[in-house]
Amino acid sequence: MIRAEKILAILYISLFYSCGYYSFKGSIPSHINSVVISPLINETSEYIIADLLNEKFLKLILLENIIDIVSFEEADSKLDISITKLTDKPNVYSFSDSNDYEIVDEWKIQMNVKIVWYDLINNEIIIEKNITEWSTYSLGKDIGNDNIDNDLDGLIDSLDDDEYGIPREGAMRITIEKISKRIINELTSTW
């Protein structure tokens, strides 16, 4: 009886450790241990978004601890990120009771980013991908009180910890966080 329990414990421990190791190590090529992140390129007229995206992305990649960030001379790989487009478009309309025209009730901010991850050892591209994310906002209302699911995560206003602030800036912050998470997901789901 004791022997069976020991065997089960050993199997459980080996399964736990081997799966944990596999799920992390299997996500990045084995010869890639470091990355240099090039300065972000901003092709939009919204000058501040490059700084905001850079700050959020670096914070998340350091928090996730998936790869060492080093100088170019020490790097096994290089990551280029370009913000190619930022748009604000009407998303939800309603009719005015007193006039025959539509009113924009909700706006959608959308960001397009291109990422290219280079393997500097094998001199090849690991990933080249365009990523698009968005969020919504209503003018004149704090996004924490606008009764809109700004990031489409199923939570509204005070139930969602990332819904706060001035409408457009809050929506941009949410979009930047979603883009940052998608980039990290792309890096870790390659292999």
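The values are calculated or read from the model by the stated rules, or taken from the named source; none is laboratory data. This one's a predicted model, so the numbers in the text were calculated from it and none came from an experiment. All Cβ positions, even for glycine, are placed from backbone atoms using ideal geometry, and neighbour counts span all protein chains on display. Ligands, DNA and RNA are excluded from the accessible area calculation, which covers all protein heavy atoms including side chains. Shrake-Rupley method; radii C 1.70, N 1.55, O 1.52, S 1.80 Å.
Across the range 126-145, which residue is surrounded by the fewest Cβ atoms within 10 Å (Cβ to Cβ) among those that are among the charged types (D, E, K, R) and part of a strand (DSSP E or B)?
Out of the qualifying residues, it is E128.
With the checklist (1) part of a strand (DSSP E or B); (2) modelled with pLDDT under 90 in hand, flag the one item K108 doesn't pass.
Condition not satisfied by K108: (2).
Does S82 satisfy the criteria of being surrounded by 15 or more Cβ atoms within 10 Å (Cβ to Cβ) and among the small types (G, A, S)?
yes
Answer yes if at least one residue in the range 45-55 is out of contact with any Phe, Trp or Tyr (no Cβ under 6 Å at 6 or more places or on another chain), open to solvent by less than 70 Å² (accessible area, probe 1.4 Å) and in a loop (DSSP other than H, G, I, E, B), and no otherwise.
Yes.
Cβ-Cβ distance below 7 Å, separation of 6 or more or different chains: which pairs start in the range 97-125 with a residue that is open to solvent by less than 40 Å² (accessible area, probe 1.4 Å) and end on one that is among the aliphatic types (A, V, I, L, M) and assigned to a loop (DSSP other than H, G, I, E, B)?
Pairs found: E106/I148; D119/I32.
In the set N185, N145, N130, which member is modelled with pLDDT of 95 or more and of a type outside the set (D, E)?
Testing whether each residue is modelled with pLDDT of 95 or more and of a type outside the set (D, E) leaves just N130.
Residues of the range 57-79 being charged (D, E, K, R), closer than 23 Å to K181 by Cα and open to solvent by 60 Å² or more (accessible area, probe 1.4 Å), which ones?
Hits for the range 57-79 are K59, E64, D68.
Check off (1) at pLDDT 70 or above; (2) open to solvent by 40 Å² or more (accessible area, probe 1.4 Å); (3) over 13 Å from the mean Cα position of the chain (by Cα); (4) hydroxyl-bearing (S, T, Y) for T190 and give me the number that stays unchecked.
The number of the failed condition is (1).
Only residues that are in a strand (DSSP E or B), of a type in the set (D, E) and more than 28 Å from T188 (Cβ to Cβ): list them for the range 56-100, please.
D88
If you scan the range 78-99, which residues turn out to be of a type outside the set (V, I, T) and at pLDDT below 95?
Result: D88, K89, P90, N91, Y93, S94, F95, S96, D97, S98, N99.
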